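The values are calculated or read from the model by the stated rules, or taken from the named source; none is laboratory data. Since this is a predicted model, take the numbers as computed values, not measurements. Here the Cβ positions follow ideal geometry from the backbone for every residue, glycine too, while neighbour counts run over all protein chains shown. Note: areas computed on protein heavy atoms with side chains; ligands, DNA, RNA excluded. Shrake-Rupley method; radii C 1.70, N 1.55, O 1.52, S 1.80 Å.
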Amino acid sequence: MSKSTTMVFLIGAGPGDPDLLTVKALRVLQSADVVLHDSLIGPKILDLVPASAESIDVGKRAGFRLLTQSDINALLLDAARKHKIVVRLKGGDPLLFGRAAEEIDALRAANIHFEVVPGISAAFGAAAAAKISLTDRRLASHVLFTTFSRAPESQFLPGIGLTAETTVVVYMPGPDYAEVSRWLQDAAVSPETPVLVISKASRPDQSEHATTVSGLAQLAPLPAPALLIVGRVAHNASDAIATTASAAGAGDLLASINGGPNVRLS
């Protein structure tokens, strides 16, 4: 098949709830010939892939890399040579910690047409599910999106000038929150700064835990995908969790609106 007749779509799958897919993402996904997807894409979203399409898991689980980025690029280019509509399905938004830049470079170098379909990033999906705002004119005037990496060259956080008005969203905190706690404190984040850990945001098995930066050291990691919201905006997370969990009457209404069970909070 000629490259000129092929279109590759880099699609953001959002945090996991299929209702949060964009209309365009759903339309393209359901017309795909092949879908290369991350491992942590919500199963209900993968159910939307047509039975006629080839589905390839190119992600990683618990730090175990199934394929290198070079392998994924090669698969993407090979699929584009064989199929008309190729979907690269990424959790959240492909342009935020989705390694989209490397795949875009590979597609451009191969002169393959592509389009990016943005999705709701995990930070926004998690904050919305937890009913807290990432900014608040009374508490937080700016937001930092970052990942926690154990590579020595990636430990840049202490040099960026965090303030009490910064909300820090930590993607992919990994299996040892004690390391993240030390990393934040090394960046001069107060040990008493509130933290909300959100696991599987927007999915029926979503869970949350409110703690502090120092308290992270004693917290067992929640199931992936998870992220941390660190800052004063998370100060009332415990009250919000308790209020939501006790709203049994509203739960039935939410279930009927959302087409599924209400989010469980813990």
Practice prompt. From Phe97, Phe114, Phe9, grab the single residue that is within 21 Å of Tyr171 (Cβ to Cβ), of a type in the set (Phe, Trp, Tyr) and touching a residue at least 40 places away in the same chain (Cβ under 8 Å).
Written response: Phe97
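Look through the range 83-125, keep the residues that are among the aliphatic types (A, V, I, L, M) and over 22 Å from the mean Cα position of the chain (by Cα), and return whichever of them is most open to solvent (accessible area, probe 1.4 Å). Spell out the reasoning first.
Taking the range 83-125 first, the residues among the aliphatic types (A, V, I, L, M) are 85-87, 89, 95-96, 100-101, 104, 106-107, 109-110, 112, 116-117, 120, 122-123.
Right, trim to over 22 Å from the mean Cα position of the chain (by Cα) and you get 85, 106-107, 109-110, 112.
Values: Ile85: 39, Ala106: 20, Leu107: 0, Ala109: 92, Ala110: 15, Ile112: 9 Å².
Step by step, filter the range 83-125, then rank; the result is Ala109.
Here are some residues: Val263, Val233. Which one is modelled with pLDDT under 90 and either open to solvent by 20 Å² or more (accessible area, probe 1.4 Å) or not in a loop (DSSP other than H, G, I, E, B) (or both)? Talk me through it step by step, then tell me what you get.
Values: Val233 fails: modelled with pLDDT under 90.
Going through Val263, Val233 in turn, the sole match is Val263.
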Discussion item. Cβ contacts < 8 Å: first residue under 15 Å from Asn111 (Cβ atoms), restricted to the range 60-82; second residue open to solvent by 60 Å² or more (accessible area, probe 1.4 Å) and modelled with pLDDT of 90 or more, any location; separation 6+ or different chain. Result?
Written reply: Asn73/Glu102
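Collect the residues in the range 179-226 that are of a type outside the set (S, T, N, Q) and within 15 Å of Gly42 (Cβ to Cβ), keeping them in residue-number order. Talk me through it step by step, then tell me what you get.
Keep residues of the range 179-226 that are of a type outside the set (S, T, N, Q), which gives 179-180, 182-184, 186-189, 191-192, 194-198, 200-201, 203-205, 208-210, 213, 215-217, 219-226.
Ile198, Lys200, Ala201, Arg203, Pro204, Asp205, Pro223, Ala224, Pro225, Ala226 - these are the residues of the range 179-226 that are of a type outside the set (S, T, N, Q) and within 15 Å of Gly42 (Cβ to Cβ).
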Worksheet entry | Long-range neighbours under 9 Å by Cβ, at least six apart or interchain, first residue more than 21 Å from Pro191 (Cβ to Cβ) and at pLDDT 70 or above within the range 150-174, second surrounded by fewer than 16 Cβ atoms within 10 Å (Cβ to Cβ) and among the polar types (S, T, N, Q) | Tyr171/Thr147; Met172/Thr147; Met172/Ser149
Fill in: Among residues of the range 158-187, those that are open to solvent by 70 Å² or more (accessible area, probe 1.4 Å) and in contact with a strand residue (DSSP E or B) (Cβ under 6 Å, 6 or more places away or on another chain), counted
2
